[in-house]
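Everything below concerns the one structure shown next.
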Amino acid sequence: MSSAPTSLRQDASPPRWQYSSAIRTVMGIPWWAAIVLALALTGIGVFVDMERINRLGIIFQGCYFAGCVLAVLWVQRRGLFGPMVQPPLILALTVPGVVLLGGGATGDGFTAKALAVGTPLINGFPTMALTTGVTVICGCVRLVRQKPPARPPARP
């Protein structure tokens with residue numbers, strides 16, 4: 001029985017600490033992929049809710065929460081900051097985009113458009129606050145638990 005070439009074998013050792021995800025033995029994804037992951041899941045939630053009830057609802061909130069938390073858990077340790085602070089930014093991009101592109105801003109005046117955009121943002125604040133709190137807590141726990149390995153003392 002022949003063994004597979006070394007290039008095809010799975011390395012049994014875990015990834016170096018700065019490249020691991022929240023699960024030490026699983027390789028993390030780069031920071032930009034974590035942001036794309038959160039945006040993609042949020043986009044799926046937007047699409048489903050707009051087709052289902054023509055406004056953002058519980059599916060959007062669940063996908064937004066899951067995408068942001070999954071991103072902070074799956075990202076490489078060295079790219080943790082972006083996914084930790086992305087929930088308010090994602091909400092600030094998606095909600096006005098949905099309202100303005102979806103035709104929710106009726107009327108020609110600035111006040112009508114501001115109210116059309118501001119109301120869903122205000123209604124989404126509790127979800128955004130909860131999601132941000134959970135991602136920051138998860139990120140801080142990872143920062144504390146996934147410290148760099150201790151270096152041996154320098155020899156004189």
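Odds and ends about this structure:
- Accessible solvent surface per residue of the chain, calculated while the other protein chains remain in place, 1.4 angstrom probe, Å²: 65
- Using the average count of surrounding beta-carbon atoms within 10 Å as a protection proxy, the listed peptides 67-80, 88-101 rank, highest first, as 67-80, 88-101.
- Relative contact order of the stretch 55-123, taken over Cα pairs closer than 8 Å and 6 or more residues apart, is 21 percent.
- The Cα center of the stretch 112-149 and the Cα center of the stretch 55-83 differ in position by 9 Å.
- Using a Förster distance of 41 Å, the FRET efficiency for Leu100-Lys147 (Cβ separation, nearest 0.05): 0.40
- Annotation: peptides 19-28, 117-126, ranked by per-residue average of other Cβ atoms within 10 Å with the highest first, follow the order 19-28, 117-126.
- Surface share of carbon and sulfur [accessible, 1.4 angstrom probe, percent] for the chain: 69
- Here the dipole of the stretch 23-128 is about 380 debye; that uses its Cα centre as origin and unit charges on the Cβ of Lys and Arg (positive) and Asp and Glu (negative).
- Theoretical FRET efficiency, 1/(1+(r/R0)^6), r = Cβ-Cβ of Gln18 and Phe125, R0 25 Å, to 0.05: 0.15
- Helix-only [θ]222 nm of the chain, DSSP H runs n ≥ 4, -39500 (n - 2.57) each, per residue, nearest 500: -21000 deg cm²/dmol
- Of Ala114, Ala33, Ala66, the one that fluctuates the most in a GNM where the chain has Cα springs shorter than 10 Å: Ala114
- Where only alpha carbons of the stretch 23-156 are counted, the Rg and the Dmax (Å): 18.5, 76
The values are calculated or read from the model by the stated rules, or taken from the named source; none is laboratory data. Since the structure is predicted, the reported quantities are computational estimates derived from the model, not experimental observations. All Cβ positions, even for glycine, are placed from backbone atoms using ideal geometry, and neighbour counts span all protein chains on display. What goes into the accessible areas is simple: the full protein's heavy atoms, side chains included, and nothing from ligands, DNA or RNA. Shrake-Rupley method; radii C 1.70, N 1.55, O 1.52, S 1.80 Å.
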